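Presented below is the structure to which this report refers.
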Amino acid sequence: MFKNEYLQKVYAEVEARNAGEKEFLQAVREVLESLEVYVEKHPELEQWGVLERLVEPERFIQFRVSWMDDAGKVHVNRGYRVQFNSAIGPYKGGLRLHPSVNASVIKFLGFEQIFKNSLTGLPMGGGKGGSDFDPKGKSDAEIMRFCQSFMTELSKHIGQFTDVPAGDIGVGAREIGYMFGQYKRLRNEVTGVLTGKGLAYGGSLARTEATGYGLCYFTEEALNCMKNDSFQGKTVVISGSGNVAIFATEKATQLGGKVVALSDSNGYIYDKDGINLDLVKEIKLVRRGRIKEYVNQVPSAEYHEGCSGIWSIPCDIALPCATQNEIDEASAKLLVANGCKVVCEGANMPSTPEAINVYLENGVLYGPAKAANAGGVATSGLEMSQNSLRLSWTFEEVDERLKGIMKNIFHNAFDASKACGVEGNLMVGANVAGFIKVADAMLAQGIAY
Ligand code: NDP
Ligand code: 2IT
């Protein structure tokens, strides 16, 4: 529980006001718990209601999305955009299309995005959106009609200086393209209103790779500074097989690690010889297939049904890159028992609070999502800059900036953990470092909202 009374009061209010929203409450609790030391030293935060304001979205939009399938039948989904905090810049954050999307999921993601975006050092506020639409099994034409219908309403709320969405689960280059086309049709303007765009119409080189690459840059820097170690020669387990997992696999391998497992929502593959990434790209990116197809071409690899079994594979480094709460206490204990020394999060909030305690109690180097996976949104910020400048940087230029940003994030989180008296606790460090900039901006701007 909270020692500080102000934090206790704010959390109790959030709990009452957002009853039953378990993911959102989980994300808020973690951040507030990390702020104990800082809040004790800063009474002006209570005077100015900074935390009460921080936990309440500036705006929460929910809307109907009707679309027609290929057989002419009409379906209705629910669309969302949370514009959580604009203290340091326009709202920025991805769009998720997955049947599990609801208000709690969107609010947890939007809340996390505030601090993540702050950590990048770029001027971006926190937002997130999506729909409970399930892209699985839909034709291209159905995806396009859904995206157009979704954007027809969303376009009323976003803009290059207001709110700049991007991809997340279920939203990649194809979906961003359909949404961008629809925004242009409605507004007759070509702007940087979305990021993750195709290279032919304003996208940035290295945005596709950025989250996975950034995760590995962060992990490498943390290993280097905290354990005098590196990816070289390490066995790595990565969950998921989407955008983040694939490019984390690529970079971890380039840095000398051996990635032996990947998964999707049905099951996981184990290849003791190291994953053949070209084959995975062909299955997942070209054919939009299932990860189990890997074993058809690599008979020496194993496929197992179910997602959580992946954490029973012995590894030195685990990079969860699928979804929230995918590592629970039992999986965390299994990882530790099998010798895992590093867990850095590519997905948003993939570890339950109990799992995080297991890491911290066992000296696991734990890189929390809002620090470790910030490379995606950071590179989205670089895409916005290039759009404003009306020019494109080379792959190497963007990649170098990304590397610099990820190293910086690690050092800011590490230094903040030291200042809070918990050196090396990057969860506390990331939460505090991300928070300070936002809180200062909120204080400077008086009571906006
Ligand atoms: P993709 O849609 O490209 O891939 C998602 C992967 O995770 C797929 O392999 C998917 O399997 C699996 N997955 C999704 N939901 C579940 C679930 N409920 N249970 C088990 N597996 C699941 O998404 P991304 O790679 O972009 O996103 C992965 C994670 O990274 C998310 O948490 C996202 O929020 C986070 N993230 C993404 C960023 C980005 O730039 N894209 C930036 C920062 C964080 P299946 O195919 O079976 O659904
Ligand atoms: O969770 C995330 O940071 C993202 N999905 C990327 C957001 C973005 O605006 O690039």
Each label sits 7 Å from Cα toward the beta-carbon; between residue 444 and residue 41 the label points are separated, in nm, by 2.0
Beta bridge orientation in the chain: antiparallel %, DSSP, nearest 5: 50
Could you work out the relative contact order of the chain, using alpha carbon pairs under 8 angstrom and six or more residues apart, expressed as a whole percent? 15
Gain upon complete extension [residue 66, residue 286; 0.36 nm per residue less C-alpha separation]: 76.4 nm
If we count trypsin sites (Lys or Arg not before Pro) as exposed when they sit in a DSSP loop and have at most 13 other beta carbons within 10 Å, what is the longest stretch of the chain that avoids them all? 157-271
So, R0 is 30 Å and r is the distance between the beta-carbons of residue 140 and residue 400; what FRET efficiency does that work out to, to 0.05? 0.25
Treating cross-link reach as a plain straight distance, find the lysines whose alpha-carbon is under 25 Å from the alpha-carbon of residue 227, omitting any fewer than eight places away in the same chain. 116, 251, 258, 333, 341, 370, 403, 407, 418
Local net charge near residue 67, Cβ-Cβ under 15 Å (Lys/Arg +1, Asp/Glu -1): -3
Once the other residues with Cβ under 9 Å from the Cβ of residue 377 are scored (Lys, Arg +1; Asp, Glu -1), what is the net sum? +2
Simple label model, 7 Å out from Cα along Cβ direction - residue 408 to residue 153, nm: 3.7
Express in nm, to one decimal, how much length is gained between residue 199 and residue 296 on full extension, taking 0.36 nm for each residue of separation and deducting their alpha carbon distance. 31.6 nm
Rounded, prolate or oblate: which fits region 310-431, taking a ≥ b ≥ c as square roots of the Cα gyration tensor eigenvalues, rounded meaning a/c under 1.5, else prolate when a/b beats b/c? prolate
So, in nm, how far is label residue 100 from label residue 59 when the simple model puts each one 7 Å beyond its Cα toward the Cβ? 2.9
Once Lys and Arg are counted +1 and Asp and Glu -1 for all other residues with Cβ under 13 Å from that of residue 320, the total becomes -3
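The numbers here are math on the coordinates, done by the rules we state, and not lab data. Bear in mind that the values here come from a model prediction, so they are computed numbers and not experimental data. Cβ coordinates were reconstructed from backbone atoms using ideal geometry, including for glycine residues, and neighbour counts include every protein chain displayed.
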